Each structure stands twice: as structure tokens, then as C-alpha cells.
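The values are calculated or read from the model by the stated rules, or taken from the named source; none is laboratory data. Fair warning: this is a prediction, and the values are worked out from it, not measured in the lab. Cβ: placed from backbone, ideal geometry, glycine included. Neighbour counts: every protein chain shown.
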2 protein chains.
Amino acid sequence: MKKAPTIRDVAAAAGVSVSVVSRVLNPESGPVAPAKREQVLNVIRELGYRPRAAARELSAGHALTVGLVVTDLANPFFAQLADRVVWEARSHGVQVVVMTTQEDPHLEAESLDTLLDRSVGGVIATPTGGNVEKWDRLRDLGVNVVFVDRAIAELSDVDVVSIENSDSARRATDHLIALGHERIALITGPASTSTGRSRIGGYRAALEGASISLDPMLVRHVPFRGDGGGDAVGSLLASPDAPTGLIVANTAQVQSSVRRLVQMGVRIPDDLSVIVFDDNPWTELTSPPLSAIRQPIGMLALHSLELVLGRMQGRLPAGARTIEVMADFVPRSSCAAPARSATKSVTR
Amino acid sequence: MKKAPTIRDVAAAAGVSVSVVSRVLNPESGPVAPAKREQVLNVIRELGYRPRAAARELSAGHALTVGLVVTDLANPFFAQLADRVVWEARSHGVQVVVMTTQEDPHLEAESLDTLLDRSVGGVIATPTGGNVEKWDRLRDLGVNVVFVDRAIAELSDVDVVSIENSDSARRATDHLIALGHERIALITGPASTSTGRSRIGGYRAALEGASISLDPMLVRHVPFRGDGGGDAVGSLLASPDAPTGLIVANTAQVQSSVRRLVQMGVRIPDDLSVIVFDDNPWTELTSPPLSAIRQPIGMLALHSLELVLGRMQGRLPAGARTIEVMADFVPRSSCAAPARSATKSVTR
DNA sequence: TTACCGAGTGGAACCGGTTCCACTTTTGTA
DNA sequence: TACAAAAGTGGAACCGGTTCCACTCGGTAA
């Protein structure tokens, strides 16, 4: 086990000073005679020299690294987001340190501390909603923060990248209304989250547009973790006045909800029309394939990274930026006109 | 934007030297009088001091970081692996830098260089199969390498963690044989990969055990990337002598293969019994639910990290270790006895 | 009483880069 | 030809930790 060459090794071998080598490495930092540059580059090649990141970071005060803080990578949405962020970051020569929170503010706080230790230049995060002061402190110490997917109301001066939540929920709801549904259930995230609020807003707007009154019983706020989606499905369908349409707008709960529907033997779309938020590879492999709101994950990743890197390089004007990208509605065969059920006729 | 306190700030505030503060931070490195220790700890708390990782790394020569190099995070297998590795690493105070290769040796080489720059203490990787010299160089520079899921034949002295590939394939094949299948197709990875070879070995062993001769036309080696799985399915079923059973043992190609089956309207298990490698959350949501070999991803992650950290801390004896964990076979309703088809009767 | 040992402490070098600054050599222009 | 400006170079400080070493104390054994 030998040890890697350092800048001084290169300087010695090339017969120049370390300053010259450093300038060859960072061309903007000063002039180097073409001949010497060539000479140094040759030695670098021969020795297989590569600058140590730690040394550079120590000197620069911050690292060419961004932290990615998400709930967990088992959720395909975050997995794909991470995939794109990592991929996109690479092309900018930036590394990504991934941390997961499991939606637990304490774990989130720990993650932020760790990222701070690492002097990351920026953080892309799906915040749990807590740790307001911690986020502030982070920003105060010069770490550029971008929230993706969700926002925090108390932190209005943070960049945010998300889909048009309200609009997406509205389109999904409209689709079911157009098919003739009037009792449309919504499973969404906690009301404390921005996505939960926005999506319910779009749902409400669609109902109002069709003069359908909103039945609070049909709206379920379900935490991101756990099996709340399945339970909500169970309780919604157990009602004597069960819905004929269902929108699962809590990405993390789609699996749990669909699993319960399958277990209960619910016939889709005969018994229930279903639309889920977030189009996964498997949503079209279920039977029937599920109609879905497809989040343009690549776009979310791209914009988030663009923002973080832009801030890190100081080439963005001050002031928080909010980017909302359009999500596609992908109609599949899980939606149909409601059956004229016994329940339905009772209400007539 | 203020700047974070340094060890000298702490020393000054506590009225001691930096050496003392450092010894408080790293208790094993020397004695500190209890009174002063308390005093220093108080100041640390007050100032919110946290040691900069870069400085520590520079001095130590290596980082408390491991690299995780996988194909991509869009594949649920790797996503879950990453999830567990990140989670497990956190509890050891280790950060994970994730890099993806897209199965491209060039990208892999780039990733390894980058990880080298970062002075990572270890790397957990699913190697593409190339870059043999590069892996050697990495190890030569003191980076601890553990291969997960796959091995590289030329690098026999590297730790490897995987499932019992041969045994798993054998059990899947046995299951179909027991149901009465004789024409069993196998879609697996390239023959150049260890998983491809081992799994075909198990398949062959099962057939031999049942005195069924192996028809080379039924074995398809498909690259990890692209839509080869779907194409293989198409060509297998187009044959006049089509199989009645199918094992998709190339994790990356399961989605593509299943999608094609659905598109072709193949009735499972009536027309074809199917077993897939790798149990995803969605394999039981398709209809019918798919029988699967369930890789104990948590175990893979745990052992990989255990090995890497063990090596980093020098508490493991020399000599490469190979850990093979048992995979579960999860029978679901995608397998049944073969129908007595026209094709079948011809062969009798 | 002296010599010795270990605990406790601070100074300073070091890790490997970057950058400022002083200095020498060109080059361009009057 | 003279002289200022620009190009090119190397020395040394610095980033923020760790660690080696010399040194000062007590306490204990000879």
C-alpha cells in the first residue's frame, strides 16, 4: 500500500514551485508559461496525481458537495429523485451525500449537523416540517438550501421546487367528475404539510367548480409513514355511503392503499375509480393499470440542483425562488363512470 | 452570514490550549483533567462548536465516508440497498457518497477516481466487470473494497457479499419442475457476470436432477440495461416450441419482461408460469401476484457495511471474505401446472 | 531528601491544498 | 533607449484539525 502523490511531489518532479502547479490546476487563479504548463501536466499524468478534496475544502471553507436529505430511498419517488440528482450532480463535478430522515425531525436535525460538519455547499431536502431554527442556522452559516416537493411555511425565503400540487389535484378531481362521480374520496398528506394543503385546495376547487359539496368524511389526512393509507381505504369503503372515486394524493401511501384495495377484492374501476399521485414503473403493471399524476421527477431534480449550484456559485440574484413544474395526468383504465349502485340510488 | 467557531475559538474561550480541546474531542488521545474537560465541554456547547470534517480528514489521511457505487437508483433493488446502507452507516457515524455507473465501465472509472479524491475509507460496489486495474489501484491506496451482489473473477481477493445465487436459481427451477414443467426458460444476466454464471449453474443443476435436458434456446443472457428482457420474452414466446415456465433471474430486466408479458396478453399462470428474481413491493400487486426470489437486501447491506467498516478499523483478519446469504422463495399464484398444450403434445 | 514516574499541559509541526505578495523577467510603448 | 506595465515565478502564510514532544507539576519509592 503506497501513498498517493501530493502537489509537492508534482512540483518537485516538474522542477517548479507548488504555486505553479496549483495555478495549472486552477487556470483562473494566475498565469503560467505555456511550456511549464505542459511540463507540469505531463508530470501529473505520469504520477497519476489527483488533488485531495479534503485539502481543497479546508482551504476553500466549503466543499463541492451537496447533501440530499429525503425521507427514505425505499420510496420510488425519492429513489428516482436521488438517481437524477446524483446523475446530474456528477456532470457538474459535484458529489452527493445522501441522508434519510424517516420523516423524523430528530433524525433530520442530526443529518443537518452532519452535513454542516462536512461543509457542504448546499442541501436539497424534502423537509419534515420541523427544525425551523436549524434550517435557519444552516442558511446563516452559508449553506444554500433548496426544498423539493414540499415547503415550510415558516421559511418563506427558501427556494422551493415542486409540482403544481393544487392544479394536479384539481385535474385528477375534474377527471372523475367528468366521468360522473360525485362522491370522490381524497387520501392526502398531513394538513401541516404544504403538499397536503395545496392538493386539498385543488380538490376543493374542482368540487366547487362542479357545485358538489365537500364531504369532510371523504378527505383523509394520512401520515407519510406507516400503513395509514390502507387503513383509510378500509374505513372509507366500510362506510354505508362509500365513495365511487378515490384519489390517493399521498405518494408515500399509494402502495399501502393499493395493496389494501387488492386485498379487499375491490373491483377497479367497477366498484371504485382510482387515481394515484406519482406514476411508478409498476402503476401500469397492476390490473387494471392505474391512472396517475406523473411527477416530472427529472425536472424536479434538475431545477433543484440548478438552484443549489447557482447559489453556490453566486450567479443567482438574491431572493427566494419558487419553481412549480407541471405534472402530467396519465389516464389509464382504473377510471370509469360510477356504477348505479344501491348506495347511490338511496341518495336520490 | 457568520462563520462557524473553530477549535481555536473554543480553546481561547475556555482558556486552554487547542491540544486540550482536541484531547477532549478524542478521549483516547491523551489525558485531560476532569475539571478542564467539563469546562471545555461547556464552551463547546455554548458556542455550538462542531469539528470540521475536512480538517480532520486532511490530518487523518482518510475520511469517515464510504462510497456506494451502484448501477442506478431507479432500480428498486439498488434503491433499497442504498437505503439500508445509508441508514446503517449513519448509526456508525459514517456518511455515504452515492455514485451511479449505468453499467458503463467508463463512468465507473470516473466514480472511483472521484471517490479516491475524497479519500473515502471504503467502497461498496456492484462492479460493472471492467476496470480491474483501477480496482487494484484503489485497494493499493488503502481503500477497502467490498463487492455486493456481483463479483469479479479477476479480483479473487476482494470481499464479496451476495445471495446464494446458484441455490436460489435451483430452487426456482425445482419449483417449476415439481409443478410438471419441462420447458423452462431462463432470462439472466450476461455470462460475463458472476450472477449470470451462478444462476445458470443452479438452473442447470435442477434440470439435471430431473433428467431434463437443457435446451440452449431457452436460456437468454440479457444485458442489465435496455429493454432486452422484453425482447427475450417476445422471442421466447414466438417460438413454435414455447416454454411453459419462465424464470426472470436478471433483476434489472424484471420490469421490462413483465411489461412485455402484460402487453402480449399472456395469461399467467395459464399460458406461462413465472418466477422473478427480486421481490419488489409491486410484485404482489400485479395480477396475478408474482412468485419471487426475495433477496434479503437488509442483510446484504448490513454485511457489506460491516465488512467495510471492519476493514477500515482494522479489526478484521487479512484475507478476502465471501458472504453468501440465503434468499427466500416466495410462492404466489403466478405458477401452476402447465396446460396440456398443442405444442406440448407434439413433443410427446 | 533526592530521584523518578506519570498525569496534565501547551507549543509547534504537519496534513495538502490555495492564495497573497514580493520579486524577476518580458513585453509594449513613448 | 528608457521605463512602465504585464507576465511569470516562488516563498510563506493560511484553512482547522491531530499529534508529537518538551515541560511542569505533584506523588511515591529509594
Which pairs turn up if I take residues in segment A:27-39 that are farther than 21 Å from residue A:12 by Cβ and look for partners that are outside any loop (DSSP other than H, G, I, E, B) and more than 10 Å from DNA strand C (Cβ to nearest atom) with beta carbon separation below 9 Å, at least 6 apart in sequence or on another chain?
A:27/A:37
Among the residues of segment B:23-36, which ones are assigned to a helix (DSSP H, G or I) and near DNA strand C (Cβ under 10 Å from one of its atoms)?
B:23, B:24, B:29, B:34, B:35, B:36
Residue within segment B:50-63 that is away from DNA strand C (no atom under 16 Å from the Cβ) and not small (Gly, Ala, Ser) present:
yes
Residue A:20 fails exactly one of (1) assigned to a helix (DSSP H, G or I); (2) within 7 Å of DNA strand D (Cβ to nearest atom); (3) farther than 24 Å from residue B:58 by Cα, namely (3)
What number goes with the only condition from (1) modelled with pLDDT of 95 or more; (2) over 22 Å from the mean Cα position of the chain (by Cα); (3) within 30 Å of residue B:14 (Cβ to Cβ) that residue B:60 does not pass?
(1)
Between residues in segment B:180-196 that are more than 13 Å from residue B:128 (Cα to Cα) and residues that are aromatic (Phe, Trp, Tyr), which pairs lie under 9 Å by C-beta distance while being six or more apart or on different chains?
B:184/B:203; B:186/B:203; B:188/B:203; B:188/B:277
Residue B:15 meets each of (1) near DNA strand D (Cβ under 7 Å from one of its atoms); (2) out of contact with any Gly (no Cβ under 7 Å at 6 or more places or on another chain) with one exception, condition (1)
If I ask for residues that are near DNA strand D (Cβ under 8 Å from one of its atoms) and within 14 Å of chain A (Cβ to nearest Cβ), which ones from segment B:23-72 would you list?
B:25, B:49, B:50, B:51, B:52, B:54, B:55, B:56, B:58, B:59, B:60
Conditions (1) within 14 Å of chain A (Cβ to nearest Cβ); (2) in a loop (DSSP other than H, G, I, E, B); (3) not acidic (Asp, Glu); number of the one not met by residue B:337:
(1)
State all residues of segment A:116-151 that are of a type in the set (Asp, Glu) and more than 10 Å from every other protein chain (Cβ to nearest Cβ); if no residue qualifies, say none.
A:133, A:136, A:149
For segment B:278-292, how many residues are closer than 30 Å to residue B:94 by Cβ, buried (at least 22 other Cβ atoms within 10 Å of the Cβ) and in contact with a helix residue (DSSP H, G or I) (Cβ under 7 Å, 6 or more places away or on another chain)?
2
Whichever residue in segment A:10-22 is within 44 Å of the chain's Cα centre (by Cα) and not hydrophobic (A, V, I, L, M, F, W, C) and, among such residues, is nearest to the other protein chains (Cβ to nearest Cβ):
A:22
Picked from segment A:95-115 (must be surrounded by fewer than 22 Cβ atoms within 10 Å (Cβ to Cβ) and of a type in the set (A, V, I, L, M, F, W, C)), the residue nearest to the other protein chains (Cβ to nearest Cβ) is A:107
Go through segment A:116-138 residue by residue and tally those that are in contact with a Phe, Trp or Tyr (Cβ under 7 Å, 6 or more places away or on another chain) and acidic (Asp, Glu).
0
Going by the conditions given, is residue A:92 more than 8 Å from every other protein chain (Cβ to nearest Cβ) and outside any helix (DSSP H, G or I)?
yes
Members of segment A:1-12 that are modelled with pLDDT of 95 or more and away from DNA strand D (no atom under 11 Å from the Cβ):
A:5, A:6, A:9, A:10
Among the candidates A:309, A:272, single out the residue that is more than 14 Å from chain B (Cβ to nearest Cβ), without any contact (Cβ under 8 Å) to a residue 40 or more places away in the chain and surrounded by 18 or more Cβ atoms within 10 Å (Cβ to Cβ).
A:272
Could you grab me the full set of residues in segment B:237-255 that are within 22 Å of residue B:283 (Cα to Cα) and out of contact with any helix residue (DSSP H, G or I) (no Cβ under 6 Å at 6 or more places or on another chain)?
B:237, B:244, B:246, B:250, B:252, B:254
Can you tell me which of B:89, B:79, B:53, B:60 is within 23 Å of residue A:54 (Cβ to Cβ), without any contact (Cβ under 8 Å) to a residue 12 or more places away in the chain, of a type in the set (A, V, I, L, M) and surrounded by 22 or more Cβ atoms within 10 Å (Cβ to Cβ)?
B:53
